[in-house]
Amino acid sequence: MSYKPLVSVIMSVNRDDGKLSQTIDSLLNQTFINYEIIIINDGKSISVSKIIKKYKDSRIKYYELEKKGLTACLNYGIKVSRGILIARQDCGDISLPNRLQTQVDYLNNNKKIKLVGTFI
């Protein structure tokens, strides 16, 4: 039986602004555990590749694409995602440890709501 995550976190990256590792670490340290992280290297940046390949976590799914732009990369991420819910993360953003759990709980408790976000 293969693992199917509830949430797919999608992030497109075209360069490291010095915070890529912090961003990934914040996602790996979530209290919610049923998720995958899809990272798309938009333009095959060598510096981005070096950072991501240091991680040996099976939740990270890494893809390198020719330069496509943010929208095309996010659409690709949705296409390859396995989760029922999609979460977005930008490089440089830091997620609090309970971010995914809070958002999933809110959606589960408010069935008419289809989209949640943060404003920090």
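Annotations
- Flag if ILE84 is among the hydrophobic types (A, V, I, L, M, F, W, C), touching a residue at least 24 places away in the same chain (Cβ under 8 Å), open to solvent by 40 Å² or more (accessible area, probe 1.4 Å) and in contact with a strand residue (DSSP E or B) (Cβ under 7 Å, 6 or more places away or on another chain): no
- Any chance GLY83 is outside any helix (DSSP H, G or I) and modelled with pLDDT under 95: no
- Total residues in segment 26-44, condition open to solvent by less than 20 Å² (accessible area, probe 1.4 Å), assigned to a loop (DSSP other than H, G, I, E, B) and either of a type in the set (Ser, Thr, Tyr) or out of contact with any helix residue (DSSP H, G or I) (no Cβ under 8 Å at 6 or more places or on another chain) (or both): 0
- Pairing residues of segment 1-24 that are touching a residue at least 12 places away in the same chain (Cβ under 8 Å) and open to solvent by less than 10 Å² (accessible area, probe 1.4 Å) with residues that are part of a loop (DSSP other than H, G, I, E, B) and among the aromatic types (Phe, Trp, Tyr), at Cβ distances under 8 Å and at least 6 apart in sequence or on separate chains, gives VAL7/PHE32; ILE24/TYR55.
- Of the criteria (1) within 17 Å of ASP90 (Cβ to Cβ); (2) part of a strand (DSSP E or B), which one THR23 fails: (2)
- Of all residues making up segment 48-63, the number that are touching a residue at least 24 places away in the same chain (Cβ under 8 Å), charged (D, E, K, R) and either buried (at least 17 other Cβ atoms within 10 Å of the Cβ) or outside any loop (DSSP other than H, G, I, E, B) (or both): 2
- Members of segment 87-108 found to be open to solvent by less than 80 Å² (accessible area, probe 1.4 Å) and in a helix (DSSP H, G or I), listed by number: ARG99, LEU100, GLN101, THR102, GLN103, VAL104, ASP105, LEU107
- Matching entry among LYS111, LYS68 (being buried (at least 16 other Cβ atoms within 10 Å of the Cβ) and in a loop (DSSP other than H, G, I, E, B)): LYS68
- Residues of segment 37-63 satisfying the condition of being of a type in the set (A, V, I, L, M, F, W, C) and farther than 17 Å from GLN22 by Cβ: ILE38, ILE40, ILE46
The values are calculated or read from the model by the stated rules, or taken from the named source; none is laboratory data. Keep in mind the model is a prediction, meaning the values are calculated, not measured. For neighbour counting, all protein chains shown are included, and Cβ atoms are generated from backbone atoms with ideal geometry for every residue, glycine included. The area values use the complete protein model at the heavy-atom level, side chains included, leaving out ligands, DNA and RNA. Shrake-Rupley method; radii C 1.70, N 1.55, O 1.52, S 1.80 Å.
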